[in-house]
Amino acid sequence: MTNTPSPLSPPLANSLRSGPDDRGRFGIFGGRFVAETLMPLLLELDEAYRAAQADPEFRKELDYYLKDYVGRPSPLWFAQHLTEELGGAKVYFKREELNHTGSHKLNNVMGQILVARRMGKTRIVAETGAGQHGVATATVCALFGLKCTIYMGATDVERQKPNVFRMHLLGAEVKPVTAGAGTLKDAMNEAMRDWVANVADTYFLVGTVAGPHPYPEMVRDFQSVIGVEVKEQITQAEGRLPDVIVAAIGGGSNAMGIFHPFLDDASVRLIGVEAAGRGLDSGKTAASISRGRPGVLHGNRTYLLQDKHGQIEEAHSISAGLDYPGIGPEHSWLNDIGRAEYVGVTDEEALEAFQVCTRTEGIIPALECAHGLAHVMKIAPTMAKDQIIVLNVSGRGDKDIFTVAHHLGVKL
Amino acid sequence: MSRIQTRFAALKKEGRGALIPYLQACDPDYDTSLELLRAMPAAGADLIEIGVPFSDPSADGPTIQAAALRGLKAGATLGRVLEMVRAFRETDNETPIVLMGYLNPIDSYGPAEFCFDAAQAGVDGIIVVDMPTEEADLLDAHAREADLDIISLVAPTTSNSRLFHVLREASGFVYYVSITGITGTNSASAADLEKALPRIREATSLPVAIGFGISTPEQARTASRIGDAAVVASALIKTMASTLENGQATERTVPAVLKQLEGLAAAVRA
């Protein structure tokens with residue numbers, strides 16, 4: 001598929017790509033903050049993942065599924081009409097929404113399910129927000145004949161009905177979680193409770209670059225195929241690397257996937273777009289880096305939305321996929337060392353970008369990536385016409401049409 | 001000798017195991033939980049575990065989740081929990097108190113300050129559910145300096161070789177999470193416990209408390225005999241929750257929990 005270095009190969013010395021350390025840390029972030037019951041499983045997973053990395057057969061098997069099942073490589077699309085409308089930098093879309101199941105999620109899920117099979121696990125549990133990760137997980141469980149239980153916040157079940165139905169069709173059991181605000185954070189808690197109660201046969205298939213080590217590293221590695229392809233594709237199209245890469249961030253897997261292969265290319269600005277919800281200072285936001293501080297939740301140390309006593313606060317975003325009070329630990333580190341920038345985009349701005357994208361490019365983006373696009377719409381006009389922005393269009397927006405219709409006052 | 005050592009040594013002379021009831025701080029309000037805490041020793045508590053409410057208790061079942069929410073609603077903070085322990089120590093300077101909770105509130109308070117303040121308040125040990133041995137250096141030195149025991153958790157999934165690793169520098173007592181699961185759900189059988197305990201005792205000479213899934217007097221007696229202590233949490237909280245009206249304490253609340261505690265204590269002492 002590609003001649004560029006495999007994202008699973010050992011990283012170079014003196015590189016920003018060499019993390020995490022042997023304690024699973026990126027600077028002060030990351031780690032393995034889990035109950036003792038789970039600790040032996042994480043050590044076992046770590047071992048299994050190292051063995052898979054070192055096994056050429058694993059790489060071969062993964063490449064096969066990525067090409068013929070997921071549909072990789074995904075195209076890099078020059079968004080000409082949008083570029084003209086914005087009147088500045090050239091905007092390219094990395095078309096992750098064209099993957100099987102309609103988002104970047106399957107890249108990671110495909111990798112982890114092969115690891116789970118190597119470990120002899122027969123049952124999969126996963127958490128999901130927008131349902132994209134749940135659908136991807138249910139899909140591979142159908143493919144490999146594994147039992148599948150998906151935890152999804154009750155609020156998200158309500159606003160992402162099409163994905164819930166998809167998961168049912170795929171044979172997964174979807175368990176609505178009513179604790180808390182009934183969103184991704186609560187689904188994550190419940191998935192961890194299931195895992196701890198069923199450790200013998202169950203594999204916890206984490207959907208983002210968060211959680212205890214080695215999940216952030218492993219998910220990043222599997223998602224890095226996005227950035228590896230972009231590097232090759234943009235070089236072919238433009239003969240050089242982009243000036244800016246933009247991606248939306250909930251937990252941060254699509255952003256980490258496109259950022260990571262570029263971490264050592266200092267000329268490439270990396271911008272992560274958090275969901276500001278109703279505004280960064282509205283108290284109704286999901287912008288963990290912009291408005292949170294470091295703490296420990298769901299197995300890792302990272303930026304968290306929390307009160308002064310260390311109680312976790314509810315996140316808010318129009319996008320179920322971004323509605324999470326934390327962020328992957330490697331993003332927290334990239335923020336603190338200044339290698340990546342993190343900005344906020346509001347619900348309103350995302351809705352506007354959603355419509356612009358649909359109108360100018362004929363692409364209905366997920367509300368998640370509409371946040372990324374909204375930031376592109378802010379910066380592209382300020383840039384020169386020979387400069388290049390790549391936006392990760394991480395998912396398609398069919399699942400969001402009900403939410404968007406509701407906000408536009410349209411009854412479906 | 002610490003309060004924990006003194007208590008286990010005394011019980012050993014008596015020839016019985018300990019009963020460790022659990023309550024969630026500020027559940028359903030500060031005054032009720034303090035009243036309950038103060039009355040627990042007379043009702044048969046040998047040590048007491050106080051749960052520190054956390055917004056995301058990912059190792060707890062529905063009963064303790066609900067208790068944590070009630071506690072938070074009633075204004076529980078780590079500082080308030082220490083205040084409660086200080087108040088308890090005004091009338092009881094012997095019953096060991098162990099705090100059980102999650103790392104983030106401690107992290108937010110400041111690990112060094114917390115260990116110092118907790119010891120000052122009269123806390124004897126802390127159990128941090130999401131802080132395995134691999135991450136314990138965050139608190140270890142501060143706890144040692146403050147003479148606070150960090151109670152190590154071990155589980156059915158902890159291998160024999162890992163037991164030695166986890167318990168190498170353990171102090172106070174060891175907490176055996178007797179099931180792979182969350183609090184207040186399944187129970188381990190006596191046979192499971194008979195098999196597990198020798199494994200743990202190979203790796204430590206500290207007393208072993210058994211918790212998770214112990215609800216009846218019979219189970220408490222079995223656990224306190226096979227191990228050195230039985231922890232009862234969700235069963236007591238369930239009783240308390242059943243006495244609440246609109247989430248508020250009633251005059252039945254404290255007596256109902258104490259009555260159940262007396263039943264458990266009688267079984268452990270029989």
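A few notes on this one:
- For the protein assembly as shown, the share of DSSP beta bridges that are antiparallel, to the nearest 5, is 20%.
- Unit Cα scatterers, Debye sum, the protein assembly as shown: log10 I(q)/I(0) for q = 0.06, 0.09 Å⁻¹: -0.35, -0.75
- Cys with no candidate disulfide partner in chain A (beta-carbon separation under 4.7 Å rule): A:357, A:369
- Averaged over peptide B:119-130, the number of partner chain Cβ atoms lying within 10 Å of each residue's Cβ comes to 2.
- Amide H contacts of residue A:147: A:124, each under 5 Å away and 5 or more positions distant or on a separate chain (H built 1.01 Å from N in the peptide plane; Pro and chain starts excluded).
- With every protein chain in place, segment B:3-269: carbon and sulfur % of accessible area (1.4 Å): 49 percent
- Selection among A:143, A:354, B:180 by position relative to the dipole of the protein assembly as shown gives A:143 as farthest towards the positive end (Cβ unit charges, Cα centre).
- Per residue, segment B:3-269 exposes 38 Å² of accessible surface when a 1.4 Å probe is rolled over the protein heavy atoms with every protein chain present.
- Occluded residues from segment B:46-71, i.e. those whose accessible area drops by 20 Å² or more once the chain is not alone (1.4 Å probe): B:54, B:55, B:56, B:58, B:65
- Net charge, residue A:385 excluded, C-beta distance under 14 Å - Lys, Arg +1, Asp, Glu -1: -4
- Within chain A, longest stretch clear of exposed trypsin sites (Lys or Arg not before Pro) (DSSP loop, no more than 12 other Cβ within 10 Å): A:24-239
- With DNA, RNA and ligands ignored, accessible area of residue A:76 (1.4 Å probe; Å², nearest 10): 30 Å²
- Rolling a 1.4 angstrom probe over chain A with all protein chains present gives an accessible area of which 52% lies on carbon and sulfur atoms.
- Each Lys and Arg contributes +1 and each Asp and Glu -1, all at the Cβ; summed about the Cα centre of segment B:3-269, the dipole is approximately 940 debye.
- Accessible surface area normalised per residue over chain A is 34 Å², counting heavy atoms of protein chains with a 1.4 Å rolling probe.
- Kirkwood estimate for segment A:364-405, i.e. one over the average of 1/r between Cα atoms, Å: 11.3 Å
- Against the criterion of solvent-accessible heavy-atom surface with a 1.4 angstrom probe, A:104, A:316 sort, most first, into A:316, A:104.
- Computed [θ] at 222 nm, deg cm²/dmol, the protein assembly as shown (DSSP H ≥ 4; -39,500 (n - 2.57); rounded to nearest 500): -13000 deg cm²/dmol
- Dipole check for the protein assembly as shown: with +1 at the C-beta of Lys and Arg, -1 at the C-beta of Asp and Glu, and the Cα centre as origin, the magnitude is about 1080 Debye.
- Exposure ranking of A:267, B:215, A:332 by accessible area [1.4 Å probe, largest first]: A:267, B:215, A:332
- The mean count of C-beta atoms from other chains within 10 Å of the C-beta of residues in A:180-188, rounded to a whole number, is 1.
- Average beta-carbon neighbours from other chains, 10 Å sphere, peptide B:162-171: 1
- Per-residue surface analysis assigns residue A:406 an accessible area of about 140 Å², computed on protein heavy atoms at 1.4 Å probe radius.
- Total charge dipole magnitude, segment B:145-270, about the Cα centre, Cβ charges on Lys, Arg, Asp, Glu only, Debye to nearest 20: 380 debye
- Stretch gain in nm, segment residue B:244-residue B:90, where the contour uses 0.36 nm per residue and the Cα spacing is subtracted: 52.7 nm
- Contact residues in segment B:78-116 (at least 20 Å² less accessible area with all protein chains than alone, 1.4 Å probe): B:103, B:104, B:105, B:107, B:108.
- Residues listed by number, segment B:40-73, amide nitrogen under 15 Å from residue B:6 label point at 7 Å toward C-beta: B:46-48
- Shape call, chain B: gyration tensor on alpha carbons, a/c limit 1.5: rounded
- Taking both sides together, the accessible area buried where A meets B is about 2700 Å² for a 1.4 Å probe.
- Separation of alpha-carbon centers, segment A:50-95 and segment B:33-82, rounded to whole Å: 50 Å
- Gained length - residue A:84 relative to residue A:232, 0.36 nm times residue gap less alpha-carbon distance: 50.8 nm
- As a ratio to 2.2 N^0.38 Å, the alpha-carbon radius of gyration computed for segment A:1-153 takes the value 1.23.
- Accessible area in the full protein assembly, largest first, 1.4 Å probe, for A:195, A:333, A:77: A:77, A:333, A:195
- When the Cα positions of B:153, B:114, B:261 are compared along the charge dipole of segment B:3-269, B:261 comes out farthest toward the positive end, with charges on each C-beta of Lys, Arg, Asp and Glu.
The values are calculated or read from the model by the stated rules, or taken from the named source; none is laboratory data. Everything numeric here is computed off the predicted structure, so don't read it as measured data. Quick reminder, even Gly has a Cβ in these numbers, built from the backbone with ideal geometry, and neighbours come from all protein chains shown. All accessible areas refer to the heavy atoms of the entire protein, side chains included, with ligands and DNA or RNA removed. Shrake-Rupley method; radii C 1.70, N 1.55, O 1.52, S 1.80 Å.
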